[in-house]
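Q: Pasting a structure below so you can have a look.
The values are calculated or read from the model by the stated rules, or taken from the named source; none is laboratory data. Keep in mind the model is a prediction, meaning the values are calculated, not measured. Quick reminder, even Gly has a Cβ in these numbers, built from the backbone with ideal geometry, and neighbours come from all protein chains shown. For accessibility, only protein heavy atoms count, side chains too; no ligands or nucleic acids. Shrake-Rupley method; radii C 1.70, N 1.55, O 1.52, S 1.80 Å.
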Amino acid sequence: MDVSRQAGMAEIATGVLHNVGNTLNSVNVSTSLVMDRLRLSRVSSLTRAAQFLCEHTSVDRHKLLQILVNLLSNARHALMDSPRKDKRLSIGIRPAPDGERVLIEVKDNGVGIAPENLSRLFTQGFTTKRTGHGFGLYISALAAGELHGRLTCDSPGPGQGATFTLELPLVEEPGPGPLK
């Protein structure tokens, strides 16, 4: 019983440390690079994502932000590790076909994901990064579930980028973590 309790505490501590590290990494992103990219890009999707966050104030907003920070951090790493010159990162938000859910997509044209790794991406401890710990996507998938949503990934394969889709309800659902 003590071993289970310690393992649970270690998992929570690892998650907190991972999220703090992601946040600090995000803060260290070069402002000039971001400003250059913003000048060249359309920011309407980012504006819609920010509006969505503001409209759903009853959301466990920190969980949503945790997921987005992790996805953006991973996309940034995928682009940095890619030899491509035309690096692109986009975030989009749109209603799901059923009209009851919203889809937030983080898409990059970075290193991509091998087909055999797609099914293991959200498993605790799985990583393809040389210095990764395998907790970011696992914790993000758990947080999505707590928000009554889900996190999925699609990639055509190595060198072809990846798209992570966060699907969340637009209406309040019973239990903890509703968006509204």
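Q: Can we say Asp81 is modelled with pLDDT of 85 or more, open to solvent by 40 Å² or more (accessible area, probe 1.4 Å) and out of contact with any Ser or Thr (no Cβ under 6 Å at 6 or more places or on another chain)?
A: The answer is yes for Asp81.
Q: Please go through segment 92-114 and pick out each residue that is modelled with pLDDT of 90 or more and open to solvent by less than 90 Å² (accessible area, probe 1.4 Å).
A: Those that are modelled with pLDDT of 90 or more and open to solvent by less than 90 Å² (accessible area, probe 1.4 Å): Leu103, Ile104, Glu105, Val106, Asp108, Asn109, Gly110, Val111, Gly112, Ile113, Ala114.
Q: Hey, among Gly125, Gly110, Gly92, which residue is outside any helix (DSSP H, G or I) and without any contact (Cβ under 8 Å) to a residue 40 or more places away in the chain?
A: Within the list Gly125, Gly110, Gly92, the selection yields Gly125.
Q: Only one residue in Val20, Val69 is at pLDDT 55 or above and buried (at least 17 other Cβ atoms within 10 Å of the Cβ), so which one is that?
A: Val69
Q: State whether the residues of segment 72-92 include one that is in contact with a Pro (Cβ under 6 Å, 6 or more places away or on another chain) and more than 25 Å from Gly15 (Cβ to Cβ).
A: No, segment 72-92 contains no residue that is in contact with a Pro (Cβ under 6 Å, 6 or more places away or on another chain) and more than 25 Å from Gly15 (Cβ to Cβ).
Q: Which ones in segment 115-146 are open to solvent by less than 20 Å² (accessible area, probe 1.4 Å) and among the small types (Gly, Ala, Ser)?
A: Result: Gly134, Gly136, Ser140, Ala143, Ala144.
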